[in-house]
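Rule-based calculations on the coordinates, nothing more; no lab input. Keep in mind it's a predicted model, so treat the numbers as computed, not measured. In this analysis, Cβ positions are derived from the backbone assuming ideal geometry, glycine residues included, and neighbour counts consider all displayed protein chains.
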Amino acid sequence: MARTPHDLLRARVGAAVASAFGDDVEVPEPLVVPTTDPRHGDYTSPVAMGLARALGRAPHELAQRLADALEVSDLAEPPEVVRPGFVNLRLHPRWLARRVGELAGDGRLGVEPATAPTRVVVDYSGPNVAKAMHVGHLRSTIIGDSVANVAELLGHDVERVNHVGDWGTQFGMLIAHLDDVGYRGVEGRSASLAEIEDLYRAANARFAADDAFRQRARQRVVELQSGDPETHSAWRWLVALSMAENQAVYDLLGVHDLVVRGESTYQPMLAEVVADLEAAGLVVVDDGAKCVFVEGFTNAEGEPLPLIVQKADGGYNYDTTDLAALRSRAELGAGRVVYVVDAGQSQHFQMVFAVARMAGWLPDGVEATHLAFGLVLGEGGRRLRTRSGDSVRLVDLLDEAVQRARRFVVERAEERGEPVPADVDEVARVVGVGAVKYADLSQHRQSNYVLSFDRMLSLKGNTAPYLQYAYARIRSILREAGWADGLPGEPPAVTLDEPQELELAKRLVVTGDVVHRVAEDYLSNHLCTHLFEVAQTYHQFYEHCPVLRSPEPLRSSRLALCAVTAATLRLGLGLLGIEVLDRI
RNA sequence: GCCCCUGUAGCUCAGUUGGACAGAGCGGCUGCCUUCUAAGCAGCGGGUCGCAGGUUCGAGUCCUGCCGGGGGCGCCA
């Protein structure tokens, strides 16, 4: 049983409705909502207004009956019935104080495990072989990693899968081109990804212009698919080089446990996938291609739009691969499969999910979700590009953020006449990368996201540096008090006499609600807002309530508030994949 | 042409399954560093929630239409 105020009040109001109006009334949702205006208390129940019509009574009267039946004296002030028919609830300081004391000894900060843990596959990042990761992969990686973190905290069996683009017709031309420029049989040599990208561009150009080359490229695809050793080893060389370079990005981002299971993984299953679809009577041959038509999807001419599962030339495409991957994941026991892929693919995923359901590969209990996200835009509101028009490489973007953070730390030290900290590189990395991640995650996932170094590193407002700074400040106090390694024994009694203490406690107590909400809607910006509010409320507390200078037992009570705040920030930022520092 | 997303303060954006007088941050202006990190805090200004209808006790939120922005639309992934 969750013990967040929202959950508790929901249960109490539910019980009160049953006792006041009988079990058979249909209870209008929501039972309780947080208020927007503190004058209305902390939470309010609008159910009386929802019941007014069904029961043929005035809302105000029903609200009064509800309030009379409501048993909340242990956690809230007496309910207040107001105007149209709201029942307002204000949390009792004593309850809040006790709850904060409990959180001080709770590593989960009141985040209860999921009631029905399942296997969750999170498919994210998905870079392409022979291409440097660019900003498009940034959001997928950052968002996907956070989704996985949240699911993990709730006790799900989480699998982080990197569906790398390591297969396809493009390898035919690339390998054919390698032959011509002297790369044949030189798998031992090293090459930068930039070099490979140049080769890729050149291959592309030739493929478009040269018939003979096109023929050889196609031949190479056939050889690759049939497992020809020489072709295969060239392919493996490309994959290995690409992934080695990507690894640097993952290291910088602090992304771990991401298991590569690329498109090539599913090659052996494709023929069977198509055969099974045919056996199920779902396949229609159209212009030589094997198609599955899905109701409700049309093309630009208004004609039915198919998912093409086998091309006219016999080859497979990513529709087939994604079907095979989804089927495989369901077979391996996934209860939920989450795809973190840009919004441009949403029709594709809708169709893949639909076909998988038609084929019976996705039982009703298995949930497939496309977590769509918007584009990364430059400051002008256009797609982010370099001056030369290329897409921005992820390493360059992250490096710039880290460099800017470093410059700030150095400049601040100079202003204060202090030496530059010895760990300036570490601080710069944590702050710079954290800023990039937070700027993304604090934005609504579906909207296009305007990337601005100035804003994400502005160090003021709703940014990672602000939160990291708040954390470091708290840690400084805890260190001073000897609390840095944990509580000195049992959680101390907490008192909340100052308004700033009370406000802080109210924020600290709802982390469980917030995390569970984010686990459901996958909108990390709600978690960001919560952390920002916690930090902001903490800073107000910090200004008005001395901690170390206060006499006992007030000192310990305030230290407990500090400890819970620090732990909340660390937990929350951790869920976002953002590190914290004891000193900044 | 069809489908999806989107339009909220000068700028960037929040706004929980419809709930009370729409909120932040940035930028602008004014104060606060012999006191636990001023990357902070306190305060002042600023919005016909794209437009028009509709549903409802109640609409930024739901429905319809229109206007503007983004993305997608059969053998690339």
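Here are the numbers:
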read-out	value
Separation between Cα centres of region A:187-252 and region A:271-292, rounded to whole Å	30 Å
Segment A:Arg189-A:Arg236, extension gain: residue separation times 0.36 nm, minus the distance between their alpha carbons	15.6 nm
Length-normalised contact order for chain A - Cα pairs under 8 Å, 6+ apart - percent	16 percent
Mean Cα-pair separation over length for region A:170-255, i.e. relative contact order, pairs under 8 Å, 6 or more apart, %	42 percent
28 Å Cα-Cα reach of A:Lys506 towards lysines, excluding residues that sit fewer than 8 places from it in its own chain	A:Lys437, A:Lys460
Reachable lysines, given that their alpha-carbon falls under 23 Å from the alpha-carbon of A:Lys311 and they are not under 8 places away in the same chain	A:Lys290
Trypsin sites (Lys or Arg not before Pro) restricted to region A:189-266 and DSSP loop, no more than 16 other C-beta within 10 Å	A:Arg189
Cα gyration tensor shape for chain A, rounded if a/c is under 1.5, else prolate or oblate	oblate
Rounded, prolate or oblate (a/c below 1.5 giving rounded, otherwise prolate when a/b exceeds b/c) for region A:170-255 by Cα gyration tensor	prolate
Gain in span if fully extended, A:Gln247 to A:Val259, counting 0.36 nm per residue against the direct Cα distance	3.1 nm
Segment A:Asp74-A:Glu411, length gained on full extension (0.36 nm per residue, minus Cα span)	116.1 nm
